[in-house]
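Notes follow the structure.
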Amino acid sequence: MTVFTRKIAFLTGALALGANAQATDVSYDFLEVCFVDTEIDGSNADGDGFLLGGSYNFHENWLVVGSYTSQDFDGNVDLTGFEVGVGYVWPVDPRYDVFATGSFIDYETEFDSFEVSDDGFRLTGGIRSRFNEQFEARAILNYVDQDNRDTFVQLAGDYYVTDEFAVGIALDVGSDNDTITFGGRWFFGDRRVK
């Protein structure tokens, strides 16, 4: 079993443990600020930085998503990028929602005076469940087609300090790199899709 396969099996098992929990409403109107740490598999190179992101439920089950990321990697390599897209939410039952998004992505990599820009797209599908008043869990599958193609699995959770603010952690596992994100989300608007 490869390292990637073991990571996928672990994330799938963790999701299954929370599948029977009862949910309360989740919001798709939020802004977030996160610390990001990425480790590239098979090398000592890693990078850290920040992510600014958000989502807005603009019409019935439709939403717009966006983010800006900046990371500094070992060896004086800087990576910046943005993403903008649209999505759709299926409120399956009071326990969870299923959602999908499609986004345009653009990243720039700088090394000394050398700069490379690369754009592409991301397709995302996932499940969100706020299984009690304090906790939310997410399981997400991302397909990215940029310079090369990759599939990432994300397992994430948030702790609600108040109804409008949560702190959380996310683990993204891909075939070439792993990313851990810590941060906070500020929620605004309705608790369910409009």
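Below is a table of values for the structure above.
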{"item": "Cα extents of segment 40-149 along the three principal axes, largest first (Å)", "result": "51, 27, 23"}
{"item": "Three principal axis lengths of the chain [C-alpha, angstrom, descending]", "result": "51, 39, 28"}
{"item": "FRET E, pair Glu39, Glu60, Förster distance 41 Å, beta-carbon r, rounded to 0.05", "result": "0.55"}
{"item": "Fraction of accessible area attributable to carbon and sulfur, the chain (%, probe 1.4 Å)", "result": "61"}
{"item": "Calculated [θ] (222 nm, deg cm²/dmol) that DSSP helices of n ≥ 4 give over the chain, each run adding -39,500 (n - 2.57)", "result": "-2500 deg cm²/dmol"}
{"item": "Segment 50-114 - Kirkwood radius from inverse mean 1/r over Cα pairs (Å)", "result": "13.8"}
{"item": "Förster radius 35 Å - calculated FRET efficiency between Glu115 and Ile169, Cβ distance, rounded to 0.05", "result": "0.65"}
{"item": "Long-range amide H partners of Ala45 with built H, under 5 Å", "result": "Ile40"}
{"item": "Table column - 3J(HN,Hα) (Hz), segment 35-50, Karplus curve with 6.51, -1.76, 1.60, x for Gly and Pro", "result": "8, 10, 10, 10, 10, 8, 4, x, 8, 8, 7, 9, x, 9, x, 9"}
{"item": "Theoretical gain in end-to-end length, Tyr159 to Val77 [0.36 nm per residue, Cα-Cα removed]", "result": "26.2 nm"}
{"item": "The chain, dipole about Cα centre (Lys/Arg Cβ +1, Asp/Glu Cβ -1), debye to the nearest 20", "result": "1260"}
{"item": "Heavy-atom accessible area per residue - the chain, 1.4 Å, Å²", "result": "54"}
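The values are calculated or read from the model by the stated rules, or taken from the named source; none is laboratory data. All values reported here derive from a predicted model rather than from experimental measurement. Don't worry about glycine lacking a Cβ; one is built from the backbone with ideal geometry, like all the others, and counts go over all protein chains shown. Ligands, DNA and RNA are stripped out before the accessible areas are found, and what is left, the full protein with its side chains, is counted by its heavy atoms. Shrake-Rupley method; radii C 1.70, N 1.55, O 1.52, S 1.80 Å.
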